[in-house]
Amino acid sequence: MAGSADLFAALIELADDQLILGHRLSEWSGRAPILEEDLALSNLALDLIGGSRNIYTYAGLVEGKGRDEDDLAYMRLEREYLNCLLVERGNDDFAQTMLRQLYFAALMQPYWQAALASNDETIRGIAGKAVKEMAYHVRHSAEWVIRLGDGTAQSAEKMQAAVVEMHPFTEELFTMSEAARACAKAGSLPDRESLRAEWSRTIASVFEQALLTVPEVRFPQSGGRQGRHGEEMGHILAELQYVQRTHPGLTW
Amino acid sequence: MYSQGLIGSDSSTDETVEFLAAFQARIDAEEKIEPNDAMPEGYRRTLIRQIGQHAHSEIIGMQPEGNWITRAPSLRRKAALLAKVQDEGGHGLYLYSAAETLGVSREDLTDQLLDGRAKYSSIFNYPTLSWADIGTVGWLVDGAAIMNQIPLCRCSFGPYARAMIRVCKEESFHQRQGYEILLTLCKGSAAQKEMAQESLNRWWWPVLMMFGPSDGESVHSDQNTKWGIKRFSNDALRQKFIDATIPQAKVLGIEVPDPDLKWDDSLNDGRGGYVHGPIDWDEFWRVVKGHGAMNRDRIRNYKKTVDDGAWVREAAMAHAEKRAARKLAMAAE
């Protein structure tokens, strides 16, 4: 059985991924290329933020220090956020946003699928909802990656540029921290490494239809799972935490 | 979010007297006019302008509220605000669809917005400066919108009336949500209550202006009333709004910034109502004509969104054409 400290840390990795990616997607609100897509991006963001609330709440219970979802989401220092670097990358353009979503969801769909067999009832509950959402995220983002990859010359160029830019951040999706490893061993959470083949198949199939090539990555980027983030993370937190930090300890 | 007293419509029309009388008879019998029915050109033009203006208000209205999505103070508030702004986008979508039944495209309407031919509600040219503004916009701006839109659920044009029924249900939820944000602030610390009061001070008068100029000055009201597009006067709706809102402010324990506000037993056919102080119509017209705090930003931001998305829309079209061509080629084999 993994200790509660391991389960707490592994849950924080999951919740932070969802919160930060949800936050990034929410930045598109009112700015998407098509009104219908504005609504769709908000749906994706709401799934992720909603999921993060459940995971933070459970992490707070596991920790047993009385922290609730907002204490965990808003009142930590940058180094204490354990999201991977991929999800914090800024919204360069729509191609990069959809690709980031595909990279993330193509792992998380099989991840939550595997988590349905967890020996932890709360995690099974969270997984039951998330697995359906992630299947939709894969479908939606894959459709866009294909449309843009096999659209105009300009969109194909932007799509391939996004691949070159973002692919170095995909390796960290499979990073297994000590905490995550302990939880995988104990049977409470899936092993990310075991899902790599499925992720690669999904990406290869989408890229084939999108006429994209997978670049060779000699120097993968990582650090988020150890709390070492990119420069953009501080700006995300400055906005996210603004009200809570300005007026601490109040009810909103 | 909502339509304002119509600005600058042209309801002139040159159909025959018989045609207009027959059309008027249908309106008077409370029949719904549907997209394929014969209708005076002035009626069509007025509705395109009003529905378009209403749709644009929903779309531009996403900006001031969207301004706080990334800074919402709790996860629950963040999700609720994101969903609310998404609802506004959804309202824009139904309304553009309703306008399209009258023979105008969403793209044309968008062009009219961007080049200034079409207006949107003056209220969205004010900035959202504090978290309390998200509460105030929900409570007062959506509250005023509901007052304006409930009569539109009975509008003579079927698609608009039906869109309004759904929109009103969602707005009413937003209004309660906004009020609940303010209730939480007013029950909180002194700084939170001050934030709520400061917000009300800034929004109160602009919200009263949302109902449009006094009826004496509103030139299009008569024809629109005859055509069943407008059911109540601007002043009557404003009065209803004030009478409903003042007791809610009392529950919050904050005050509207109107030293002349007083109860008058003789109003509303002897049921009583509030008399308000003078509204600064110079400010209203200044903002409507493009000189409010946020007019330039709102249009510039939206133009950037439309421009930045052009390559995505082109790619989607190109991809759809390629797919269709491939399908055709496969069928021919």
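Where a number appears in this text, it was derived from the coordinates with a stated rule and is not lab data. All values derive from a computational prediction rather than experimental measurement. All Cβ positions, glycine included, derive from the backbone under ideal geometry; neighbour counts span all protein chains shown.
Odds and ends about this structure:
- Near-label residues of region A:208-252 by backbone N, under 13 Å of a point 7 Å along Cα→Cβ of residue A:79: A:226-229
- Spatial extent of chain B: Rg and Dmax, with the Cα atoms as the point set, Å: 21.7, 83
- Each principal axis of the Cα atoms in region A:1-107 has its own extent, and those three values, largest first, are 46, 24, 21 angstrom.
- Peptides A:106-114, B:274-282, ordered by how many other C-beta atoms sit within 10 Å of their residues on average, highest first, read A:106-114, B:274-282.
- Think of it as helices only: each DSSP H run of n ≥ 4 in chain B is worth -39500 (n - 2.57), and spread over all residues that comes to -20000 deg cm²/dmol at 222 nm.
- 5 Å binning of all Cα-Cα separations within region A:89-133, expressed as whole percents from 0 upward: 5, 23, 22, 15, 13, 11, 8, 3, 0
- Structural descriptor for chain B: relative contact order 19 percent, calculated from alpha carbon pairs under 8 angstrom and at least 6 residues apart.
- With a threshold of 31 Å on the Cα-Cα distance, the over-threshold entries among A:132/B:84; B:169/B:226; B:78/B:169; B:250/B:303; B:78/B:193 are B:250/B:303.
- Contact order, relative form, for region A:1-149: 24 percent (alpha carbon pairs under 8 Å, 6 or more residues apart, mean separation divided by residue count).
- Computed from the C-beta positions of residue B:266 and residue B:154, the FRET efficiency with R₀ = 35 Å rounds to 0.75.
- With the simple spin-label model, which puts each label point 7 Å out from Cα in the Cβ direction, the residue B:38 to residue B:248 separation comes to 4.5 nm.
- Peptide B:129-137, shielding by other chains (average Cβ, 10 Å cutoff): 1
- Taking the alpha carbon gyration tensor of the protein assembly as shown, multiplying each eigenvalue by 5 and rooting it gives semi-axes of 47, 32, 19 Å, largest first.
- Kirkwood Rh, angstrom, region A:4-246 [1 / mean 1/r, Cα pairs]: 18.1
- Paramagnetic reach from residue A:68 (point 7 Å along Cα→Cβ, amide N under 12 Å) across region A:1-29: none
- For residues of B:62-74, the mean tally of beta carbons on other chains within 10 Å: 6
- Cα centroid separation, region B:134-167 to region A:100-125: 41 Å.
- Shielding score for B:91-103, defined as the mean number of other chain Cβ atoms within 10 Å: 1
- Among the trypsin sites (Lys or Arg not before Pro) within region B:215-321, those in coil by DSSP and having at most 15 neighbouring Cβ atoms inside 10 Å are B:271.
- Selected from B:75, B:95, B:183 as most flexible by GNM, with chain B as the system and alpha-carbon contacts under 10 Å: B:75
- Short-range pairs are left out: with C-alpha atoms under 8 Å and at least six residues apart, the relative contact order of chain A is 26 percent.
- Projected label distance in nm at residue A:216 and residue A:91, using a 7 Å step from Cα toward the beta-carbon: 3.6
- Around the Cα centre of the protein assembly as shown, unit charges on the Cβ atoms of Lys, Arg, Asp and Glu (plus for the first two, minus for the last two) sum to a dipole of about 760 debye.
- Shown is the FRET efficiency for residue B:173 and residue A:247, computed with R0 = 30 Å from the Cβ-Cβ distance and rounded to the nearest 0.05: 0.65.
- The label-point distance for residue A:129 and residue B:240, in a model that sets each label 7 Å from Cα toward Cβ, rounds to 3.8 nm.
- Listed peptides A:156-165, B:138-147 by packing density, highest first (mean Cβ within 10 Å): B:138-147, A:156-165
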